[in-house]
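Enquirer: The structure follows.
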Amino acid sequence: MKRVLILLLALCAATAAFAQGGAKTPVELRFTVWTGNEAHLQMLNGIAAKYTAAHPGVTVKFDTIPYDDYPQKLVLQLAGSNPPDAGWISEANAPAFVAAGNLADLTAAAAPYDLKDFSASATELWRKGSAIYGLPFSTSPLVVIYNKKLLAAAGAKTPSELEAKGQWTWEAFADLARTVKAKTGVYGFQTMDGSGYSDNLWATLVPMIRAYGGEVWNGKGVSTLDRPEAVKAVTLLHAMIYKDKSVVPPGEQADFFAGNAAMTVSQISRVSKLVGADFQWGLAKLPKGPAGDAQVIGQAAIVAFKASKNAALAADFAAFMTSKENVAVMTRFFPPARVSVLESESFTKGNPNIPPEAMASVVGAALKVGKILPNHPNFSEIDLAARACFDRLWRPDADVKSVMAAAARAVTPLLK
Amino acid sequence: MKRTMRRSAIREELFGYACVAPQLLGFLLFVLGPLVMVFVYGFQSRNLLTGRVSFAGLANYRALLGDPLFFKSLKNTLVFTLGLVPLNVAASLLLSLALAGESRVNSFFRTVFFAPVVTAAAAWAIVWKFLLQGDQGVVNQLLGVVGIAGPNWLLDDAGAMAAVIVTRVIKNLGMNIVIYLAAVTNLPHELYEAARIDGASAAQRFRTLTLPLLMPTTIMISIITMIGSLKVFDHIMLLTQGGPSNATMVLVYYIYFQGFKVFRTGYASALATILFAIVLGLTFAQWRLGKRLSYQEE
Amino acid sequence: MSRAKALRAAGKGLSVAALSVAGLPFVFPFWWMLTSAVKSPGDVFGRLSLLPSKCRWDNFAEIFSYQPFARHYLNSLCIAAVVTAATILLASLSGYAFARVRFRGRSALFLVLLSSMMMPAEVTIIPNFFMMKQWRLIDTHVPLVILGVFGAQGAFSAFVMRQYFLSMPKELEEAARIDGLGRLSTFARIILPLATPAISATAILTALDAWNSFLQPLIFINDLNKFTLPLSLNNFRDAYGSPVWHLQMAATAVSVIPILLFYVCAQRKIINAMVFSGMKG
């Protein structure tokens with residue numbers, strides 16, 4: 001038993017020593033990301049290696065936190081005694097982090113890297129006064145990825161063909177999904193990453209709602225989820241899931257990337273999952289609605305945390321990661337926010353899995369007109385409250401109108 | 001002589017303090033101290049994201065009174081407890097009576113019923129989450145075999161609550177069976193013999209002998225299970241995250257939700273204070289009940 | 001006579017059948033976990049099959065390469081071992097003092113102990129977090145050990161020990177004193193060895209409690225290398241956060257099987273220990 005006590009003491013001593021040590025060189029920067037994709041991490045490590053080459057003794061470790069836990073775990077880490085040095089933040093949480101004051105101002109660090117090259121719209125979310133707290137590395141539109149093999153088996157036209165004819169609407173989208181289900185028995189549509197009813201709720205709802213002329217909340221602090229446009233859009237989605245049964249429903253597993261659904265809404269970073277797929281696939285913009293073309297963009301930026309023990313170095317690395325060369329490297333998965341890169345060949349040819357025409361006509365075109373996904377300083381709470389309301393939508397007999405009204409009632413007080 | 005007596009008494013006292021000190025100091029530092037802090041935090045506005053702390057007076061408690069989710073979490077806690085405790089107690093009593101006595105069959109089934117107890121709660125919840133998936137889920141496919149169309153368990157308000165309760169009962173039932181078994185084994189055989197000779201039926205014997213004789217055990221098990229049911233964090237977190245539509249949002253999970261998901265640690269502390277008050281009340285009730293029962297026994 | 005015999009046999013058969021039905025939800029999850037552990041990703045869902053169509057043993061290799069699962073396993077084992085050892089040491093000492101040593105304030109202090117027995121860890125987790133932050137112990141295993149030892153389970157252990165010591169005959173100590181043994185050596189050499197049933201009961205319960213702990217690692221641990229088993233099981237998710245079911249099942253099986261085997265081998269002892277602690281608790 002004595003031995004055990006000694007062990008216990010040794011453990012305490014060891015961890016204490018661990019916490020104290022490592023103040024001097026070499027430095028390891030801890031960088032939080034939400035991707036666990038091998039290809040993404042390999043690319044990120046490649047950029048980090050370049051930094052290490054230029055700054056001997058500095059290494060970077062990328063820490064994956066699953067997207068759904070990301071803001072929560074990040075806050076916990078920042079509030080704890082071992083905060084990360086830099087990391088990704090998505091558009092949804094940008095206002096909260098910028099307002100909270102735990103991000104470092106990157107103006108000075110980014111000065112050598114031509115800050116003006118970032119489009120104003122891309123950095124809007126990350127500015128406060130004259131300071132800039134995040135450098136966007138990804139402005140990635142939501143796109144429709146489709147399985148050519150399944151669509152051909154169903155004898156249906158592809159989204160791209162419909163798009164070329166100007167017939168690519170959400171109604172057409174629903175028809176396509178229904179046809180696939182009827183003809184092949186396979187689901188026509190899987191929501192983003194299969195989690196469009198919970199973690200990716202907004203990526204499911206927003207494209208349709210906006211195409212129908214609606215919005216989730218307005219600038220005056222009122223949720224507009226109960227307006228007729230939004231209700232109409234969501235009614236279509238609900239009918240697809242429960243009447244047509246053409247969408248992978250909540251609580252079921254059928255993966256687009258494994259060939260078990262004909263279409264999904266996603267971002268081009270996911271295309272790397274299709275390498276080696278046993279089917280041909282294509283990309284299309286989001287369908288239009290009664291209100292016209294409504295493309296939706298997800299955005300993410302690199303930030304440095306004030307709490308970092310190596311704050312200056314962290315800021316420098318954040319700026320380095322979003323240099324022109326590195327943004328060009330990252331176009332492989334993440335469409336750039338830098339105008340110079342967007343207009344160059346490194347964008348259209350950046351992703352080896354996507355033909356340049358598709359990059360230009362789908363991704364590039366969507367980027368030009370797209371609006372960013374919803375965000376708010378109080379996003380975490382809004383998100384959780386809305387999800388709780390929308391849970392009631394995911395059943396066959398749901399009354400869409402009253403669910404939407406309840407969601408609007410729940411969200412509006414949180415917008416204050 | 002007297003002096004040595006006193007000295008030995010002092011040494012005895014010192015020995016006693018030395019023995020209890022390590023543990024009690026630990027409790028003081030890591031349980032009672034934080035308990036005081038949680039009470040203090042309850043009067044503060046604290047935010048984990050911004051790190052800002054300010055005095056808030058009774059604001060958290062006032063907010064609590066106007067927070068429908070707080071009342072919902074209280075109600076859910078009550079439903080959970082009222083669903084779990086009777087089910088658990090009744091099932092463990094019946095099974096312990098069925099498994100009393102030494103035989104290979106009984107020993108086998110004891111092993112079976114106790115197996116989930118030694119399984120990590122996380123593992124248990126993960127497996128059940130898998131079994132309870134919608135139409136593809138194993139539970140619904142099995143129910144389908146006997147012609148029952150099960151709901152999408154974890155996405156249906158009542159279904160989720162039922163699923164959470166039942167899977168939790170299965171997880172911990174073995175423990176209560178074992179406690180009951182100890183009591184059942186010690187039941188006085190003579191009384192049963194006498195009752196049988198008097199012509200009492202099995203049901204009568206159960207009602208007039210077994211139930212009253214096991215009452216102290218039943219009360220103890222009920223209290224332990226009830227307090228255990230107030231602490232269902234991991235099970236809820238891994239199965240439903242309080243959903244759907246907050247249908248399984250119980251008080252402990254709501255504390256976590258407020259403190260670590262939306263970062264209002266001050267408000268969460270006020271909630272924690274309420275939970276503490278509830279546990280304190282239950283403990284006190286148990287103490288009173290235990291006292292009365294032990295007087296009765298004497 | 002033979003009819004009565006037949007009736008009894010039928011009754012017995014019936015009760016075995018009833019127990020089997022009741023036992024189904026207790027064993028079926030294990031069966032499903034084990035069979036799904038060797039299924040391929042595509043086979044995990046889909047048509048109900050009690051046996052995998054083809055065994056994919058690679059799953060077991062994959063769980064160790066997917067994340068440092070072996071490390072997580074070891075972390076959990078170490079934490080459970082340290083918590084259990086420390087708890088037994090402290091709980092037997094204080095349990096003994098509360099049972100057999102006379103000192104002022106004994107009953108008051110015992111009440112303090114009892115009060116912490118009922119306290120859910122969730123009540124104090126927020127101050128504990130800030131405390132550990134102050135001591136720079138976040139993202140170490142120290143908070144898991146400390147809160148494991150001094151939490152409700154520690155108090156319960158002390159309580160069980162005390163009840164056991166109370167039931168031991170006082171003559172033992174008197175004999176030891178006459179033999180000239182001091183207080184501490186009486187405890188260590190005479191009393192403690194006789195308390196094995198209580199010690200094993202508390203050890204099993206404490207180890208299970210530490211092994212199960214979920215909230216504390218969730219709050220205190222960030223570094224993937226320092227994850228504990230429950231966190232690890234929940235972390236078999238793909239790049240976008242969806243569970244990778246076949247690996248999750250394989251990992252769950254690997255985490256459960258050794259404990260289950262140990263339990264089946266030592267079940268009589270374990271259940272006796274439980275009966276014992278149940279009677280006392």
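Enquirer: Please state which one of A:365, A:388 is in a helix (DSSP H, G or I), away from every other protein chain (no Cβ under 14 Å) and open to solvent by less than 40 Å² (accessible area, probe 1.4 Å).
Expert: A:365
Enquirer: Within the stretch A:239-282, which residues are under 17 Å from residue A:188 (Cβ atoms) and in a helix (DSSP H, G or I)?
Expert: Answer for the stretch A:239-282, where residues must be under 17 Å from residue A:188 (Cβ atoms) and in a helix (DSSP H, G or I): A:239, A:240, A:241, A:242, A:256, A:257, A:258.
Enquirer: Let me ask something additional. Look at residue B:44 and say whether it is modelled with pLDDT of 95 or more and either over 28 Å from the mean Cα position of the chain (by Cα) or surrounded by 14 or more Cβ atoms within 10 Å (Cβ to Cβ) (or both).
Expert: Considered against the rule, which asks whether it is modelled with pLDDT of 95 or more and either over 28 Å from the mean Cα position of the chain (by Cα) or surrounded by 14 or more Cβ atoms within 10 Å (Cβ to Cβ) (or both), residue B:44 comes out as yes.
Enquirer: Across the stretch A:41-54, what is the total count of residues that are touching a helix residue (DSSP H, G or I) at 6+ places or on another chain (Cβ under 7 Å) and under 21 Å from residue A:90 (Cα atoms)?
Expert: Residues in the stretch A:41-54 being touching a helix residue (DSSP H, G or I) at 6+ places or on another chain (Cβ under 7 Å) and under 21 Å from residue A:90 (Cα atoms): 2 in total.
Enquirer: Further, regarding this structure: Picking from B:231, B:291, which residue would you name as being away from chain C (no Cβ under 12 Å) and either part of a loop (DSSP other than H, G, I, E, B) or of a type in the set (D, E, K, R) (or both)?
Expert: Exactly one of B:231, B:291 is away from chain C (no Cβ under 12 Å) and either part of a loop (DSSP other than H, G, I, E, B) or of a type in the set (D, E, K, R) (or both), namely B:291.
Enquirer: May I pose another question? Please give the number of the condition residue B:282 fails out of (1) open to solvent by less than 20 Å² (accessible area, probe 1.4 Å); (2) at the interface with another protein chain (Cβ under 8 Å from one of its Cβ atoms).
Expert: Going through (1) open to solvent by less than 20 Å² (accessible area, probe 1.4 Å); (2) at the interface with another protein chain (Cβ under 8 Å from one of its Cβ atoms) one by one, residue B:282 breaks only (1).
Enquirer: Can you go through B:159, B:147, B:199, B:137 and tell me which one is open to solvent by less than 20 Å² (accessible area, probe 1.4 Å) and either basic (Lys, Arg) or more than 8 Å from every other protein chain (Cβ to nearest Cβ) (or both)?
Expert: B:159
Enquirer: How many residues are touching a Leu at 6+ places or on another chain (Cβ under 8 Å) and in a loop (DSSP other than H, G, I, E, B) if we restrict to the stretch A:79-95?
Expert: Summing the residues that are touching a Leu at 6+ places or on another chain (Cβ under 8 Å) and in a loop (DSSP other than H, G, I, E, B) in the stretch A:79-95 gives 3.
Enquirer: Separate question: Going residue by residue through the stretch B:45-62, is there one that turns out to be part of a strand (DSSP E or B) and either within 30 Å of residue C:23 (Cβ to Cβ) or in contact with a Gly (Cβ under 7 Å, 6 or more places away or on another chain) (or both)?
Expert: Yes, because at least one residue in the stretch B:45-62 is part of a strand (DSSP E or B) and either within 30 Å of residue C:23 (Cβ to Cβ) or in contact with a Gly (Cβ under 7 Å, 6 or more places away or on another chain) (or both).
Enquirer: Now for a different question. Tell me the residue from B:112, B:79 that is assigned to a helix (DSSP H, G or I) and under 15 Å from the mean Cα position of the chain (by Cα), please.
Expert: B:79
Enquirer: Moving on. Name the helices (runs of 4 or more DSSP H) wholly inside the stretch C:99-191 in which the number of residues that are acidic (Asp, Glu) is 1 or more.
Expert: By residue number, C:121-134, C:171-178.
Results for (1) within 14 Å of chain A (Cβ to nearest Cβ); (2) open to solvent by less than 30 Å² (accessible area, probe 1.4 Å); (3) more than 24 Å from residue B:235 (Cα to Cα), shown as yes or no for each residue.
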position	(1), (2), (3)
C:133	yes, no, yes
C:174	no, no, yes
C:190	no, no, yes
C:201	no, yes, yes
C:205	no, yes, no
C:210	yes, yes, no
C:219	yes, yes, no
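Enquirer: Shifting gears a bit: On the basis of being within 12 Å of another protein chain (Cβ to nearest Cβ), crowded, with 23+ Cβ neighbours inside 10 Å and either closer than 22 Å to residue A:138 by Cα or modelled with pLDDT of 95 or more (or both), does residue A:272 make the cut?
Expert: Numbers: within 12 Å of another protein chain (Cβ to nearest Cβ): yes; crowded, with 23+ Cβ neighbours inside 10 Å: no; either closer than 22 Å to residue A:138 by Cα or modelled with pLDDT of 95 or more (or both): yes.
No: the conditions fail for residue A:272.
Enquirer: I need every pair where a residue in the stretch A:139-158 that is open to solvent by 30 Å² or more (accessible area, probe 1.4 Å) has its Cβ under 9 Å from the Cβ of a residue that is outside any loop (DSSP other than H, G, I, E, B) and among the polar types (S, T, N, Q), sequence separation at least 6 or different chains.
Expert: A:153/A:184; A:155/A:179
Enquirer: Would you confirm whether any residue within the stretch B:233-243 is more than 18 Å from the chain's Cα centre (by Cα), on the phi < 0 side of the Ramachandran plot and surrounded by fewer than 24 Cβ atoms within 10 Å (Cβ to Cβ)?
Expert: Among the residues of the stretch B:233-243, at least one is more than 18 Å from the chain's Cα centre (by Cα), on the phi < 0 side of the Ramachandran plot and surrounded by fewer than 24 Cβ atoms within 10 Å (Cβ to Cβ), which makes the answer yes.
The values are calculated or read from the model by the stated rules, or taken from the named source; none is laboratory data. Just so we're clear, the structure is a prediction, and the values are computed from it rather than from any experiment. All Cβ positions, glycine included, derive from the backbone under ideal geometry; neighbour counts span all protein chains shown. These accessible areas exclude ligands, DNA and RNA; they are computed on the full protein's heavy atoms, side chains included. Shrake-Rupley method; radii C 1.70, N 1.55, O 1.52, S 1.80 Å.
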